[in-house]
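Working notes, structure below.
FYI, it's all coordinate maths here, none of it is from the lab. Keep in mind the model is a prediction, meaning the values are calculated, not measured. Please note: Cβ atoms are built from the backbone with ideal geometry, for glycine as well, and neighbour counts cover all protein chains shown.
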Protein chains: 4
Amino acid sequence: MRLQTDLAMEAAQITGRLPEGVRVEEQQFTPDVHIHRVYIDNEQGQQAIGKPPGTYVTIQAQALTGADADIAADCTRALSEQLQALFPQKPDRARPVLVVGLGNRSITPDSLGPRVLEHLLVTRHMFSLVPEQVDQRAASVAAIAPGVLGETGLESGEVIAALVEHIQPSMVIAIDALAALAPSRLATTVQLSDTGIAPGAGIGNQRPRLDQALLGVPVIALGVPTVVHAASLVIHALTDTAGPPDETQQQALQQSCGDLIVTPKDIDTIIHGCATVVARGLNMALHGDLALAEAAQLFS
Amino acid sequence: MRLQTDLAMEAAQITGRLPEGVRVEEQQFTPDVHIHRVYIDNEQGQQAIGKPPGTYVTIQAQALTGADADIAADCTRALSEQLQALFPQKPDRARPVLVVGLGNRSITPDSLGPRVLEHLLVTRHMFSLVPEQVDQRAASVAAIAPGVLGETGLESGEVIAALVEHIQPSMVIAIDALAALAPSRLATTVQLSDTGIAPGAGIGNQRPRLDQALLGVPVIALGVPTVVHAASLVIHALTDTAGPPDETQQQALQQSCGDLIVTPKDIDTIIHGCATVVARGLNMALHGDLALAEAAQLFS
Amino acid sequence: MRLQTDLAMEAAQITGRLPEGVRVEEQQFTPDVHIHRVYIDNEQGQQAIGKPPGTYVTIQAQALTGADADIAADCTRALSEQLQALFPQKPDRARPVLVVGLGNRSITPDSLGPRVLEHLLVTRHMFSLVPEQVDQRAASVAAIAPGVLGETGLESGEVIAALVEHIQPSMVIAIDALAALAPSRLATTVQLSDTGIAPGAGIGNQRPRLDQALLGVPVIALGVPTVVHAASLVIHALTDTAGPPDETQQQALQQSCGDLIVTPKDIDTIIHGCATVVARGLNMALHGDLALAEAAQLFS
Amino acid sequence: MRLQTDLAMEAAQITGRLPEGVRVEEQQFTPDVHIHRVYIDNEQGQQAIGKPPGTYVTIQAQALTGADADIAADCTRALSEQLQALFPQKPDRARPVLVVGLGNRSITPDSLGPRVLEHLLVTRHMFSLVPEQVDQRAASVAAIAPGVLGETGLESGEVIAALVEHIQPSMVIAIDALAALAPSRLATTVQLSDTGIAPGAGIGNQRPRLDQALLGVPVIALGVPTVVHAASLVIHALTDTAGPPDETQQQALQQSCGDLIVTPKDIDTIIHGCATVVARGLNMALHGDLALAEAAQLFS
């Protein structure tokens, strides 16, 4: 049974028992925030789960979207700490970090990446233009939303690869909306990984993978599930009600549901909340205390 | 079996045979454009279909979104003619027509109403400010997008009722995104009716009905299905594969799918195309030849 | 000499000495925030200054736009206190306050009104839909951006008058971008008054006045200067350099500069900062402590 | 006297007589469309005018913004022909043309570049993904809006240089909003040149020049004046009224007007109209007949 999920955690659980070459770890970060790690150790694990070897961290909380201030603050802190644990080195002012906002701004559930960039503390240009004004705690950060293939004629991977070659960042952090299997994951989960990302996996058509092999620098991926593929939803419901569909039925469902996505009604509010929490976590992971001061200062 | 569709045509077909008090009519408008009319004649028809008595016209074409220029032109013409057939009187310069764009601009599949207004030929103010500049063919047209309850604290119906009382239009034309049962209806169907509309039926929470009873003037509704409720999709797939779910299963599915909507991946392109075609049809229905001239003039 | 300013403070100072029927008052609110009040007491004052009798309060600070957190917090507090002093009664849950965001969202310096609404705590609908969830401190608040005459065919005044009649608010608060004479006023000044407002005074064409005479309820105006009319700038420069232009020269300049506005290069950042500060001040004035809690909770 | 204009035509006329090394040519394209060419032949011309040697073509018409359909069609044709005359080679399917939309989407008068891209026929990806579907007349076209330094931390020039190295276009076409001296130029003039462009010359802070020296391929610039610097306006008015200001006065004016720009009130309508006309001209220049067919097909 082949289902479409970008979450390693879901992929690891599909068969009911853990495949060879895959390990998991659980951590209760705070009463309301849970952390789950999947380690894919080798080729065997990759075969079983369909994801490249590496570490996949999911942070889970009901209040990811910021409705409860205390839980949102815990999520932010968890996000910052877990990101820093995946960073190959501490961000500094010597080499920039390049943050990439993938996705389509005109499709609400796909707009997470570009929307996160709106709240990011971008500093790279200040180190050359007004070096004396830059706070000691700030790291050098650049950001780009490469746009959509149909509007640019350029693969995200091409744009990013060209920029990486040019500005030589210490790493790339790529943000995207993801697809989950279970609707309960939508907007309650953030997945981090050190294995890169396939742009458009969530909503667009899947494009060449952005990873260290392509870009030559480490690529940290950060994603939030905002859609479920319609076929996943239907197959899941069928399995619950009438038993798993056979191969032929499943192909027919994939066919008929091909280009349909499932998303919550209030997706505008969800994206707004998630983008705020994710940006705050990123700013803390990149700039440390400065981000806290900045958040207090701007109240935003 | 109670399914959520805003299309009278789908509601009429659910049971397989036509209920008492309901008549249908078919018309091949052009080889690529098909017109279907449902007449709900009385209380009995209303009970069976769950829609108020009146006329429901659906215009169907694969190329509603404008990808094929000739078919789009046929759709525009069909739309204009069918709208005019529903108008209680010919629009003129004496009393304005009030066009209402319902829905949430921040949720792509719900943004049809506000997006159509962007292309509408609005003229009411010109008759008082620069009467000598107004083309003889122009009717008086005003437009408003009343916004979203959570952002205004005002029901769409309240805003519209207040305005109608104030400007005394000859009729209201209300545009909204709709929910269908069949994914194949998405962006291939326009429904017109003379019975008013319940704002938010498609995506938002259903709100008090905008109709002649509330507003005191005729209300023409124009809608395009852009979503399917997730429960509808799942129940449909179950029925096809394992037979119709029983009442209990169905309630469980409605529960688990409650706030999820299903929409095509390329919903941004679809909304853009539909808004253009619908606005052009409206402009022709309201202003006649002037709209054609205007379309040629602006190329848009 | 007739110059175009929406600021009573500037109008009072044009002639060099205070006209009969006009009084002014100064207050150093904090080291960085200055408050200036103009009272126009009678017809004579109105003639001299060209504004209706009433109170005009300007709050002035370099850091209105929020770049300095402490000063922005002082501005917010000053705004809240001065607004409350103008309110005819304390906002409560019995009758709503209607907040109106005037201006054109598509012209950056004119977009202040609609942008403020994005950050407003709107509650009116919750008192009827989920009364048990509404915090005790919340007042009933509704909001509308009536849009632009060219797009709606409706005068702002018509839309607001219709709504006021319908929802019977205790008062209207109208927010708009203003025109100043001195570029130094841009984004460093907020003007409050209890005399209503002429929509579009800043950028659009001036429209019928929104005031208690039109609407039947008190109208509080809140405006931030974001433009200077080009003629004002040129006449000011001429006066400084070569002495004041004569009547004929002045008319020629008004003619040649007619539809040009002057605005800062970084108007996008300015509008973003001003909208945030103004919304926060409004929320505090309307909902008291709740707004502070909310601000802390959402960090935004 | 040093005034800020991006128009070679204005710079050539400032002193009243044509400097050495500069030639001009006039052409009445149609009764309503006038073409003016400035050739800067050498270093001497460059010194005099402050622009690099090359050809500067201005197309002038009152109805650039598309209010009159016939004139707009003439402008489109003039634009297409003059662009083609500057192209170093005919665009084809072998090597892409890279179109760059400079400027800040959030500042209305600076948003021309990004807005033109919305209407561009982008095809490069189709030649690799669906080569059989690409019309024989289509050239390979890619497009990017590199965004704003403060939001990306990246100079436009860096982003474009990186991409050019990567995708090896046959040329770059860079679109930007410009600054003029005379308000009468605003939205009535398009300037084309084969000398590249300094991003942000119009509104932003001037950034390193995008030209063949930087990018290694020919750079065609296309700009429309949408602002006048406030200092230019004031100095012009002073000169008319009281004679030209002396050096000291002029510096004082530059100082006091430093970051202020002058723009028409209805800049949203102007940008919409100009973006449409420019995009149509570009599409014709790049894709020939196909663009006409496409325009007819999409009516937009």
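Short to long, the 5 Å bins of the Cα pair-distance histogram for the range A:84-191 hold 2, 11, 18, 20, 19, 14, 10, 4, 1, 0 percent of all pairs.
Helix B:69-86 and the longest principal axis of the Cα set of chain B meet at an angle near 80°. Helix content alone sets the calculated 222 nm mean residue ellipticity of chain D: runs of n ≥ 4 DSSP H residues at -39500 (n - 2.57) each, divided across all residues, give -11500 deg cm²/dmol. Take the Cα of A:Q255, go 7 Å toward its beta carbon, and the backbone nitrogen atoms of the range B:236-260 under 17 Å from that spot belong to B:237-238, B:240-242. Between B:R137 and A:D289, the modelled labels are 7.1 nm apart [label points 7 Å from Cα along Cα→Cβ]. For A:K265, the lysines whose Cα comes closer than 19 Å to its Cα, not counting residues fewer than 8 places off in the same chain, are B:K265. Comparing mean-square fluctuations of B:L163, B:L260, B:L129 from a GNM of chain B with C-alpha springs under 10 Å, the top value falls on B:L129. Distance between the modelled labels on C:Q62 and D:Q62, one decimal in nanometres: 4.8 nm (7 Å Cα→Cβ projection). Among B:223-235, D:74-86, C:22-34, the peptide with the highest mean count of other Cβ atoms within 10 Å heads the list, and the full ranking is B:223-235, D:74-86, C:22-34.
Among the residues of C:146-158, the average count of other protein chain beta-carbon atoms within 10 Å of the residue beta-carbon is 6. Stretching D:N42 away from D:Q206 to a fully extended chain increases their span by 56.7 nm, per 0.36 nm per residue minus the current alpha-carbon distance. Cα gyration tensor of chain A, axes a ≥ b ≥ c as square roots of the eigenvalues: rounded (a/c below 1.5), prolate (a/b > b/c) or oblate? Here chain A falls in the prolate category.
Computed from the C-beta positions of A:Q89 and D:R77 and an R0 of 41 Å, the FRET efficiency is 0.10 to the nearest 0.05. Mean-square fluctuations from a GNM of chain D, with a 10 angstrom spring cutoff on Cα atoms, peak among D:M126, D:M284, D:M171 at D:M126. Using a cutoff of 8 angstrom between alpha carbon atoms and counting only pairs six or more residues apart, the relative contact order for chain A works out to 22 percent. A straight line joining the Cα centroids of the range A:103-156 and the range C:71-144 runs 32 Å. Among the residues of D:105-117, the average count of other protein chain beta-carbon atoms within 10 Å of the residue beta-carbon is 3. Excluding same-chain neighbours fewer than eight residues apart, the lysines reachable from D:K90 by a Cα-Cα span under 28 Å are D:K51.
Across all Cα atoms of the range C:49-97, the radius of gyration (one decimal) and Dmax (whole number) stand at 14.2, 38 Å. Modelled label positions at B:E20 and C:E118, each set 7 Å beyond Cα in the direction of Cβ, lie 5.7 nm from each other. Fewest-first ordering of C:T276, B:T248, A:T239 by other beta carbons within 10 Å of each residue's beta carbon gives B:T248, A:T239, C:T276.
Remark on the range B:181-271: Rg and Dmax equal 15.7, 48 Å (Cα only). Over the C-alpha trace of the protein assembly as shown, radius of gyration and Dmax come out as 30.4, 91 angstrom. Based on C-alpha pairs under 8 angstrom that are at least 6 apart in sequence, the range C:1-157 has a relative contact order of 15 percent. Panel note: the C-alpha atoms of the range C:115-262, placed on their principal axes, show extents of 67, 31, 26 Å (largest first).
Quick check for you: which residues of the range B:30-64 have the amide N under 17 Å from the point 7 Å beyond the Cα of B:T239 toward its beta carbon? The answer is B:48-51, whose backbone nitrogens lie closer than 17 Å to the label point.
Between copies, the label points at D:N42 (set 7 angstrom from Cα along Cα-to-Cβ) are spaced 7.6, 7.8, 9.8 nm, reported in nanometres from shortest to longest.
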